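Below is one structure, written out as structure tokens, with a few remarks after it.
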Amino acid sequence: MIGASGSGKTTVLQVLERTSPPECKIVYFDSIGVPTLEEMKASYGSPEEWQRIKTSEWTKKIKESFLSEFNVIIDVQTRPEFIEKACLENNIASYKVVLFDCSDVERARRLFARRQPELVNNEMSIGPHT
């Protein structure tokens, strides 16, 4: 499950975690810790490169640790092409990408409510950029 911060991914996955069958494993990408944008740029060159590398690492870990026993749902903020490449690299042929989206206004409201206003920015908006 992909989408911008505040789009509703984690909320839905928390419900699924309580209600899904035992053969389903929920994984939260952010559990590895997410560095600041400045740290991503300094260590990886860009936030996109950090996402690409971490998506590949997570995909490998999921295959090695979970796929033999579980169907896995991961909450991640990354690009679909990073998922596709990581699955190809790890010989995972069957996967689906589900995009969570909501209005920019609602997403901003959620992020302000959880005290993360810095995540309200033009890079995450789909509406007109000013």
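Every number in this text was worked out from the coordinates using simple rules, so none of it is lab data. All of these numbers come straight from a predicted model, not from anything done at the bench. When we count neighbours, we look across all protein chains shown, and the Cβ atoms used for this are built from the backbone with ideal geometry, even at glycine.
Any chance you could run the full-extension gain for residue 68 through residue 34? It's 0.36 nm times the residue separation minus the Cα-Cα distance, nm to one decimal.
Here the segment from residue 68 to residue 34 would lengthen by 9.5 nm.
Quick one: of 63/96; 41/63; 25/85; 60/85, which pairs are farther than 20 Å apart, Cα to Cα?
The pairs that break the limit, which is 20 Å between Cα atoms, are 41/63; 25/85.
Using the Cα centre of segment 9-116 as origin and beta-carbon charges of +1 (Lys, Arg) and -1 (Asp, Glu), tell me which of 72, 34, 20 is placed farthest towards the positive end of the dipole.
20
Restricting to DSSP loop positions (anything but H, G, I, E, B) with no more than 15 other Cβ atoms inside 10 Å of their own Cβ, which GluC sites (Glu not before Pro) remain in segment 14-71?
23, 69
With the alpha-carbon atoms as the only input, what is the per residue convex hull volume for the chain in Å³?
Normalising the Cα hull of the chain by residue number yields 122 Å³.
Mind checking the dipole of the chain: about its Cα centre, +1 per Lys or Arg Cβ, -1 per Asp or Glu Cβ, Debye to the nearest 20?
The dipole magnitude comes to about 260 debye.
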